[in-house]
Every structure is written in structure tokens, then in C-alpha cells.
1. Past the 19 Å Cα-Cα mark, which pairs from B:K77/B:K104; A:K247/B:K71; A:K390/B:K70; A:K51/A:K185?
2. At 1.4 Å probe size, with the rest of the protein present, what percent of the exposed accessible area of chain B is carbon and sulfur atoms?
3. Can you list the residues, at least 5 places off or on another chain, whose amide H is less than 5 Å from the amide H of B:I266, using H built in the peptide plane?
4. Excluding ligands, DNA and RNA, what is the solvent-accessible area per residue of segment B:30-122 at a probe of 1.4 Å, expressed in Å²?
5. Chain A: percent of C-alpha pairs farther apart than 36 Å?
6. When the helices in chain A are scored as -39500 (n - 2.57) per DSSP H run of 4 or longer and the sum is shared across all residues, what 222 nm value do you end up with, to the nearest 500 deg cm²/dmol?
7. Which of the aspartates and glutamates could be linked to B:K185 by a straight reach, that is with a Cα gap under 13 Å, when you skip same-chain ones fewer than 8 residues away?
8. Once you place label points 7 Å from the Cα toward the Cβ at A:A166 and A:T141, how far apart are they in nm?
Amino acid sequence: MMQVIKNAIYIGYKDMLEFTRSKIRLVMTIIMPFFMMIMTGSIYPSESGVKNIPIGLVVEEPSPSSDLIVNSINTLNDEKSFFEIKKFDSEAEIESQVKEGKIDGGLIISKEFNEDLMSGKQGEVIIFQDDTNPQISSVLTGVFNQIVDQVSFSVAVKNVSEISQASGQENSANPLSIVKPYITKTKSLLGGETNYFQFVAPGTMMMVVLMGIMTGLPRAISFERESGTLDGLLAAPISTMSIIIGKTLAQIIRGIIQATVILLLSIFLFGVTINGSILLVFFLLFIGVYSITGLGIALTSLAPDQEAATMLISTIMFPMMFLSGIFFPVEQMPPFAQAISKILPLTYSIDSLRKVITLGAGIGDLTSDIIILLVFGTVMLFVAVPLFKKMMTK
Amino acid sequence: MSKSIISVKNLTKKFGDLAAVDNISFEVQKGEIFGFLGPNGAGKSTTLRMLTTLTAPTSGSFTINGLNPKKDVDQLKKMVGLVAEKLIMYDYLSARENLLFFGKLYKVPQDILEERTDKLLKMIGMWEWRDHKIGTYSTGMKQRINVIRALVTDPDIIFMDEPTLGLDPQSTRQVREFILELNKKGKTIILTTHIMQEAERLSDRVGIIDHGKIIALDTPENLKNSLADKRGTGVEFKVSEVPACMLDKLAKLPKVSVKQLGDNRISISYGNGTEVNKLIDAIQDCNVGILRMHTSEPTLEDVFIDLTGREFRDKATEKEQKMPAAGPGHGFRKISSRIR
């Protein structure tokens with residue numbers, strides 16, 4: 001047993017040595033996680049990310065009420081510069097501008113708005129959205145709704161207090177509680193705001209490590225097989241397990257280096273806070289790797305050459321990446337996708353890692369995740385190792 | 001001969017329905033150079049792969065120094081060195097790193113390993129290059145490292161699969177001399193080749209293999225002699241003239257046949273036991289002067305043709321031999337000159 005590990009270390013060391021000799025590979029090891037983090041972190045548009053979106057504004061008939069709305073849009077915009085506001089005369093113009101892609105949406109205050117208000121009805125402000133861009137649309141709609149709500153709220157408060165004053169009631173109820181009797185306050189385990197990076201960083205870390213194993217292992221073994229050096233290892237008086245362990249070891253070390261790069265970037269560049277133990281984070285990375293190694297080896301054994309290996313892996317990698325909750329919470333997925341995500345080890349690795357990084361969970365909170373990962377990894381290894389041995393002496 | 005070190009019985013390897021190696025049995029004697037000669041695809045490499053435990057046989061068995069690959073695989077592997085056709089070395093590592101890495105896998109103690117590595121590097125004239133990456137070496141340099149890579153573990157038996165393939169004449173000669181030198185030091189060497197002269201020059205015994213079967217196995221000398229016995233030896237004369245008298249006299253000699261090749265050239269083939277003096281006497285009797293003569297002995301190629309009824313170099317072999325010389329290198333030169 002000791003000899004198996006010793007030989008595995010020689011092979012792993014040899015692989016790392018080869019790896020460090022290639023400058024481009026070294027540089028990419030650092031750059032790749034950096035890009036990955038920026039990319040995954042910016043995939044979701046958030047309100048804070050919205051800047052200078054071109055929108056159209058139509059006020060068909062200016063009135064004190066419409067001025068209130070326009071003014072509060074302008075005030076908000078001066079502060080946060082969400083929009084680049086263009087004025088138009090009619091809804092039709094907004095329509096054609098959206099079609100041409102010149103604006104991403106619009107706000108229309110029609111003649112009817114004033115008429116309805118005068119006749120004691122609710123005034124209707126129209127939000128025009130661009131259906132081709134649902135994400136921007138939902139952000140715009142949110143912001144517009146908020147503005148109109150606020151204006152409408154303050155007008156209501158003013159009206160209520162005028163009414164109560166007119167009716168001569170002193171010390172009457174607070175107008176706020178009449179207009180909006182219920183309000184909400186958000187509380188969570190973490191103080192302060194959660195950003196998307198906080199959600200995406202654990203997933204990205206795990207993904208980079210696992211992607212490294214899944215693509216690196218088959219590539220490394222297929223490459224040795226095609227270049228003939230694998231024969232040198234197979235002819236040597238060492239166990240096949242030494243080759244598997246050694247190769248995996250080198251890939252793990254590389255993956256952990258990349259995960260560390262992501263961790264550092266997350267903390268220092270993207271403001272992610274690690275609420276749990278760092279040691280536990282690395283422990284979970286190892287468990288995650290263990291869970292997937294068998295699958296990587298099995299795929300290597302099934303693929304006759306490097307190209308086939310790469311194709312096999314990417315076929316499996318992509319669904320795995322998108323269904324395991326790296327980018328989108330699993331709970332938001334349709335039922336069949338959720339069912340698939342439940343059988344992916346990556347789902348559990350990411351879930352546990354996120355609990356530690358974001359929620360500060362301890363090892364006791366993760367028992368079920370860890371057991372599932374260990375079982376999955378062990379079963380896959382039992383399938384993969386005989387396949388691999390068979391492939392090698394073909 | 002001395003005692004046998006490798007003993008192969010009914011070894012067979014099938015890929016699907018195709019038998020790459022078909023029920024072969026042979027023995028290799030300790031201390032000899034055993035050559036496997038055959039065209040590409042004859043089953044030489046597959047046999048070597050089975051003997052070095054890289055491929056599992058479909059059926060049959062073998063032992064190396066009495067060791068069974070099923071039971072004593074690690075001991076067996078330690079006795080054996082492999083010089084594979086595809087070079088076994090890592091381009092990003094230096095020659096020294098490559099040698100030390102493989103030595104460690106064979107549990108060679110560090111001090112002995114380093115000493116041996118340095119000695120080998122000096123021996124093949126690669127000492128100055130020891131710390132350069134393999135990727136920067138020429139083909140000939142790489143092959144020299146490939147050979148000594150098999151020696152850092154000090155094996156008793158060395159398998160070499162086409163050790164001179166793709167090398168220039170100078171490197172080829174170096175490698176061949178090195179093989180002979182190793183043999184002198186007592187190493188048993190089993191090599192495969194599709195080059196007749198190589199098998200003939202290096203091997204103590206040659207096994208001619210075709211379609212997965214050993215069709216002849218003996219010393220190169222015996223193989224050629226047996227063909228000479230069967231076919232007779234040939235001799236060609238350039239003479240001053242070819243009178244009928246001479247042709248007549250020659251034809252009357254026992255076990256001799258004559259053919260006129262040109263105005264003053266004849267070819268004679270004579271069976272065993274015929275003395276060349278008799279031929280010369282017959283020519284001189286007719287007052288014909290001999291300007292030049294040469295005997296043509298059968299080559300291993302003739303032996304192969306005799307055994308299989310085919311030319312040795314099939315189309316596939318031809319192609320492969322021409323490729324490296326005129327193929328990619330040529331194209332590259334063309335492109336680079338165009339760029340310039």
C-alpha cells in the first residue's frame with residue numbers, strides 16, 4: 001500500500017513538473033479562474049449593475065400630477081443614473097424606437113391619466129417593455145413600479161392628512177398607517193446586502209476544480225497513451241492504482257491552486273465574505289473531487305482517443321454545470337431539471353460549499369451532503385477502476 | 001547453445017476475428033540477440049507487447065527467466081527493459097529527469113540511480129544535453145535517450161521495437177553499435193525490425209514472422225544456406241566472348257545451369273558441392289578470358305520471398321519508408337520559404 005502511494009506521488013510530481021515547464025499553461029491556470037469569476041459574477045443583471053439604459057418618456061399632456069412622476073424619475077436618475085431619458089410625443093413612437101432597438105423600454109403618461117384623475121378614478125401610467133430582453137425589462141419594470149408607487153404613496157399620505165385636517169380631527173391616526181397599514185422588513189443570517197458573487201463564488205470554485213479533473217484527467221491519460229509514454233508506466237513494476245492516483249493527484253493540486261485563486265479574488269476583488277472555516281472549504285473541495293474522479297476515469301476508459309474523450313466529457317459537463325445550481329438556484333428550475341440535479345454529485349458539493357462560505361455552516365450541518373458525495377465517489381470508483389485496467393491492457 | 005531465458009508457448013493475440021499473433025512458440029537463449037523480422041503488421045510488435053505485459057494474450061503462455069507474468073509480474077517487469085517504437089519520454093522534462101523518474105518507479109536506490117544515469121548519459125555522448133528539455137532534441141538524440149531509458153533499471157533482458165526506425169544513417173549506425181556493445185556485456189536482446197540488413201547484421205538468430213506466424217527461425221547464416229542448398233548459388237561472369245563451346249561445356253557439368261545475359265555476360269547457378277574451379281576450367285578450355293566475376297549469395301529477403309512467395313516490402317512498408325524523408329519536412333520547408 002505504501003509503495004502504491006509512493007509511486008503515485010512520483011507520477012503526480014512528474015505531472016506537476018511537466019505542467020510547470022509550460023509557461024502558457026501556468027499563466028492560464030491563473031487567468032482562467034479570474035475570467036470565470038468575472039463572467040459568472042456578471043451573468044445576472046442586478047439593479048446596481050443597471051446604468052444608462054436608454055428609455056423613452058411620453059407625457060401627452062403635462063399636469064401637476066405628471067410633473068410629480070417625471071420629477072421623481074429625474075431626481076432618482078440624477079442620483080443613480082439608471083437611464084438615458086429620451087422624450088417622445090406618442091406611444092407609437094416608443095413602439096417604433098423599441099423595434100429599432102434604440103431604447104429598451106418606456107414610460108407613458110397619457111391624456112387619460114389626467115382625465116381619470118380629474119374624474120376621481122385611478123390614474124394609469126403605462127410601462128412599455130421590450131420583450132426581447134426580459135432581464136432588462138424586469139429591472140426597468142421594477143424601477144418604474146417603485147417610482148410610481150412612491151409618488152402615489154406620498155400623494156396618498158398628503159391627501160389623507162388633508163382630509164383628516166379638513167374633518168377637524170386633532171391627533172388622529174398616522175396617515176402612513178392608513179395608506180399602507182402593512183410593511184415588510186428583510187432579515188437574514190447575514191447582515192447587510194447579499195451580492196450575486198456571494199452566491200456564485202462557491203459554485204465557481206467547485207466548478208473550476210471539477211472541470212479541471214473532468215477534462216484534465218482524460219486528457220492527461222489519453223495524451224500519455226497516444227504519445228506512448230503510458231507504455232513506460234505500464235511496463236514498470238507499479239500498480240495501476242498508482243497511475244490513477246498519481247494522475248488524479250496532479251489534477252487535484254492544479255484544481256486547488258485555481259480554487260485558491262478564485263477564493264482570493266472573491267474576497268479581495270468581489271467582496272465575498274467567508275463565514276465558515278477555510279479548512280472546511282478545502283476539505284469539501286477534496287470530497288467534491290473524490291466524488292467525481294471515478295466518473296472521469298470511467299469516461300477516459302470508454303474513449304479511444306483524446307478527441308473522443310473531450311467530446312464525451314463536454315457532453316456530460318454542460319448539463320452538469322447548468323443543472324447543479326452554479327448559476328441559478330436549483331429551486332428555480334422546472335421539476336424534471338430538479339430531478340436530474342438531484343443525481344449530480346456537483347449539486348451536493350456546491351450546496352455544501354455554499355453553506356460553509358455564505359452561511360458559516362459547520363461540518364455537522366453537512367453530514368448528509370458529505371455522505372452522498374462519499375457514496376457516489378466510491379461507487380463510481382468501483383465501476384471505473386476495472387474499466388480502466390481493462391482499457392490499459394487491451 | 002546456453003540455457004533459454006524466454007520460453008513462449010502457443011501465444012495468440014486476437015483483435016476481433018483477426019489473429020495478430022497466431023499460436024507462436026519459441027525460445028530465446030540467454031545472452032543472444034534475437035531478431036524478429038517481418039513486414040509491417042506481421043505481429044512483431046504485438047508479440048513484444050505481450051512479452052512486456054503491455055497487452056494480455058488471448059491464449060497461450062510464456063515465462064521469462066522462469067517467472068510467470070500472471071504470478072510474478074513485478075519481478076518479471078524488473079528483469080525487462082523496453083525500447084518502444086513510440087519514444088517513452090516526456091518532452092517537457094530533461095533527459096536526466098526522465099531517466100531518474102523511470103528509475104524511481106523501479107525502486108532503484110537513489111545513489112545508484114544517479115550514478116548509473118550519469119554514466120549512461122556520458123556513454124552515449126549526451127552528457128552536455130542532460131539538463132535540456134527533450135522537446136529540443138533531434139530525432140537521433142531522442143532515440144539514444146529512449147535506448148538508455150530502458151537501461152537505468154539495469155535489466156537482464158531488453159526488448160527493442162524497431163530501434164532504428166526513422167533515424168539517419170549515422171544515428172542508425174550508432175544505435176546498432178550500442179546494441180552490440182550491450183550484448184557483449186551479457187544482455188539478452190530481443191529486437192524487431194523490418195530491415196533485412198539490420199536483422200542480419202545484429203541478430204544471432206532471426207525469427208521470420210508473417211501473418212502472425214513464425215515461418216522460419218535460425219541463425220541468419222543457416223537461413224541463407226538452407227536456401228542456397230535448395231536453389232543453388234549464383235555466379236556472374238563478364239567474359240571476353242560467349243562462344244557456343246563454352247555454354248555447352250558448362251551445361252554439361254552436374255547441378256549447373258547457365259543463362260546468357262548479354263553479349264559477354266553469363267549467369268551460372270550451381271548446386272552444393274560443385275567446385276567453382278570446374279566452372280572456370282570450362283570457360284578457359286574454350287580460350288575465353290574472364291574479365292570479372294562475382295558470386296551472389298541469397299539474402300534474408302530471398303529467404304522471405306522463398307517462404308512466402310511474396311516480395312518482402314509490401315505497399316504499406318514502401319509508403320511508410322518514403323514518408324518521413326519527403327513528407328512533412330519537405331512541405332514545411334516549402335511553406336517557410338514562401339513566407340520569407
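1. The answer is A:K247/B:K71; A:K51/A:K185.
2. For chain B, the apolar C and S fraction of the accessible surface comes to 49 percent.
3. Close amide H contacts, sequence-distant or interchain: B:F237, B:V239, B:L261.
4. 39 Å²
5. 46 percent
6. -23500 deg cm²/dmol
7. B:E32, B:D154, B:D156, B:E177
8. Reported label-point gap for A:A166 and A:T141 is 3.6 nm.
The values are calculated or read from the model by the stated rules, or taken from the named source; none is laboratory data. Remember, it's a predicted structure, so these values are computed and weren't measured experimentally. Cβ: placed from backbone, ideal geometry, glycine included. Neighbour counts: every protein chain shown. Surface areas here come from the heavy atoms of the whole protein model, side chains and all, with no ligands, DNA or RNA. Shrake-Rupley method; radii C 1.70, N 1.55, O 1.52, S 1.80 Å.
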